[in-house]
1. Look through 57, 20 and report the one residue that is touching a strand residue (DSSP E or B) at 6+ places or on another chain (Cβ under 7 Å) and closer than 27 Å to residue 102 by Cβ.
2. Which of the strands (runs of 3 or more DSSP E) contained wholly in the stretch 19-134 include at least 1 residues that are modelled with pLDDT under 90?
């Protein structure tokens, strides 16, 4: 039997909680696992006013990953008994959302991220890679 997965790409907008609640109900009804994805900007070193590195890129990566996972854990309250996986990726939101959908073979994907991701994704739920409607 194939495990059903629903991918929810999230940002920190006020609508995220409402979308998470809807996806949780959908996952519960479908007996699916919810995969929460947060895409953060590519980390880089942080410099002070004199140009000295005060935080290295790998430290910034760890910090952003930790912050992203903490944020995803706050959304888990909506999912109750639904299995939830949380992941933080870095880079272009559209590319990462599409790659995550392919990697996880998500049957239903809701792009809820940056404005660019919404524009490219069209804010459309997709079933099996096809547009399912707005």
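The values are calculated or read from the model by the stated rules, or taken from the named source; none is laboratory data. Source: prediction; values computed, not measured. Here the Cβ positions follow ideal geometry from the backbone for every residue, glycine too, while neighbour counts run over all protein chains shown.
1. On the way: 57 fails: touching a strand residue (DSSP E or B) at 6+ places or on another chain (Cβ under 7 Å).
One residue alone meets the criteria, 20.
2. Working: elements: 33-40, 53-55, 84-90, 108-111.
Filter on the stretch 19-134 gives 53-55, 108-111.
Yes/no per residue for (1) in contact (Cβ under 8 Å) with a residue 12 or more places away in the chain; (2) surrounded by 12 or more Cβ atoms within 10 Å (Cβ to Cβ); (3) under 20 Å from residue 12 (Cα atoms):
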{"site": "27", "(1), (2), (3)": "yes, yes, no"}
{"site": "34", "(1), (2), (3)": "yes, yes, yes"}
{"site": "40", "(1), (2), (3)": "yes, yes, yes"}
{"site": "49", "(1), (2), (3)": "no, no, no"}
{"site": "54", "(1), (2), (3)": "no, no, no"}
{"site": "66", "(1), (2), (3)": "no, no, yes"}
{"site": "69", "(1), (2), (3)": "yes, yes, yes"}
{"site": "80", "(1), (2), (3)": "yes, no, no"}
{"site": "85", "(1), (2), (3)": "yes, yes, yes"}
